[in-house]
Amino acid sequence: MVVGHLNGYALEVTLTAANSAAQAWYGYDQGVISGILISSDFINTFPQTKDADIQGITASCFSLGNLVGCLLAAIFGDRLGRKNTLRVGAAVSAVGAILQFSATTFPMLIVGRVINGFGNGMTSSTCGIYQAESCRGARRGKLSVIVVLHNVIFYMIGSWLTLGCSFSDSGIQWRLPLAIQLVPCIVLVTLLTFLPESPRWLLMHDRTDEAHEALRRYLGKDLTHDDPAVMKELMSISGAIEIERRSQISFKEVILQRDRSGHLKRLLLGCGTQFMQQFGGINALNYYFPIILENSIGMSEFMARILTGCNATSYAISSALCFWMIERFGRRSLMMTGAALQFFAYLMVAIAVALLATAPSQWGAVAITFLFFYYAAFGCTWGMVPWVYQAEVNSLAMRTKGAAAATATNWLFGFVCTQFTPVGIRDIGYRFYIIFACFNLVFIFVVYFLYPETSNRTLEDLDAYFDIDSPHRTIIRIGDKVAKQGQRPLEAIEAEQLRIEAATTGKDYDVAKGHTTHIEQVSEA
């Protein structure tokens, strides 16, 4: 088998590695910028960053760039395809990285960070779709976790790297960490040459032969085109696309909820996971963890860097646990449990910071302990699940727009949290942490009543769940076991059999009646 024709497990590994490289930028930037903002040479080169408002702009402008990148992916992503969108995003990010590490003026640095954000927005909103559309259903959740995990791994690498570079007295303190952003870019572009396009995207664009070949390669080693597993998957996806095409409407009609596939509801669920991730409080910590340790708890710069690196390491270990947990416990349980633990962590941090003046060392230790606890809870729950959920919940026709909208939501509210954290800590002290505790408490109930389980479902199962004739409603009833159960529901298995029958016999699948009828009969009616 030549490397240009990878298939089965080898192709799955290469796909996951490429998407992991695309996801790594985001976490690496958080780890690097949090250490750079307190680096002496960086402050000497850009003295304006001593101001809390300018600190916020320096960190958050990357999020604004990402927001624009997500919108670009939504507009052009379906035309370009998954692979070409990733290539364009990588090229744009490389330009931004070069501008950053070679910056001699503050405006040049900011422009570089914004351009870097443009590219990262395109890649971060596309890599999850590419992964979800190309993986086998049984392994989709775990492999998607591996992709998102590289966000955290590179956050850890960035945190320790800035500590190591801080021992230099020159521009290496910050220029070298920023230059290393080019490494994931090179890896991504190289690995894409060995990968076929998403089979679902190919089928959506009527490139059936290419989709058939891509499915054959993705589903297993040395399968033939007429292998039953390949034909079953091809027919199931084709049937789901045909159902969507018969009810396809404009984006305006989606917004007005005139479609039968629940597109708007599904788009909002994906956006909601990203909103809750951000207002769960993660970016209030990620970009400013060393600053919080210095200003709120009174640590020295060196100790703040050490603790940031240690926290990033425990965060990565916790996030890795999600690989084992996400299919075993499901998306809903992880989100609700995570929100409860994060509420408790932020409440304890607020109490500790409020009482810090009475016993600095004791309450400082409590605050640090629960900051670590927060990261551990977030890593194996909200750190991973939103990225997986948003790629699963949207229909094929809306998957690019839905994922771009969800990722744009992440960046928009990430910008809000990042921009105002330094000012919030300065002006309202411990009360700033109470805000995030309250948000997390509310999110427990939001997930319980609005978010159906997506684990152990095919992407086509979810299309049937959200269909207008489905018995399931927007607000999940307490007795609705299908919406909550982790195992694949019987109704989903039966619906898949009907879709395959419709695609192979020329019959039309009727979602409402749960059976197939001849297309000629439907047209006459």
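The values are calculated or read from the model by the stated rules, or taken from the named source; none is laboratory data. Everything numeric in this text was worked out from a predicted model, so none of it was measured. Note: ideal-geometry Cβ built from the backbone for every residue, glycine included; neighbour counts use all protein chains shown. Accessible surface is based on the protein model in full, side chains and every heavy atom, while ligands, DNA and RNA are left aside. Shrake-Rupley method; radii C 1.70, N 1.55, O 1.52, S 1.80 Å.
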Packing-ranked peptide list from 46-58, 27-39, 217-229, highest mean Cβ count within 10 angstrom first, is 27-39, 46-58, 217-229
Rounded to a whole %, the carbon-and-sulfur portion of the accessible area of the chain at a 1.4 Å probe is 67 percent
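By the scheme Lys and Arg +1, Asp and Glu -1, what is the net charge of all other residues having a beta-carbon under 12 Å from that of ILE43? Could the numbers behind the result be given before it?
Working: positive: LYS50; negative: ASP41, ASP51, GLU301.
For residues surrounding ILE43, the net value is -2.
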Highest mean packing first, using Cβ neighbours within 10 angstrom, the peptides 184-196, 78-90 sort as 78-90, 184-196
The equivalent-ellipsoid semi-axes of the range 10-195, taken as the square roots of five times the Cα gyration tensor eigenvalues and listed largest first in whole Å, are 30, 17, 13
Cα-based Rg/(2.2 N^0.38 Å) for the range 203-247, rounded to two decimals, is 1.17
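So if the hydrodynamic radius of the chain is defined as the Kirkwood radius over C-alpha pairs, what does Stokes-Einstein give as its diffusion coefficient at 37 °C and 0.692 mPa s, in µm² per second? Kindly include the intermediate steps, with their values, before the conclusion.
Values: Rh = 23.7 Å.
Taking Rh from Cα pairs, D becomes 138 µm²/s.
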Calculated from DSSP helices alone, with each H run of at least 4 adding -39500 (n - 2.57) and the total divided by the residues of the chain, [θ]222 nm to the nearest 500 comes to -25000 deg cm²/dmol
If each part is reduced to its alpha-carbon centroid, the range 1-71 and the range 183-208 end up apart, in Å, by 21 Å
Given the candidates VAL446, PHE378, LEU293, the one whose Cα lies deepest towards the positive end of the charge dipole of the chain, counting +1 at each Lys or Arg C-beta and -1 at each Asp or Glu C-beta, is LEU293
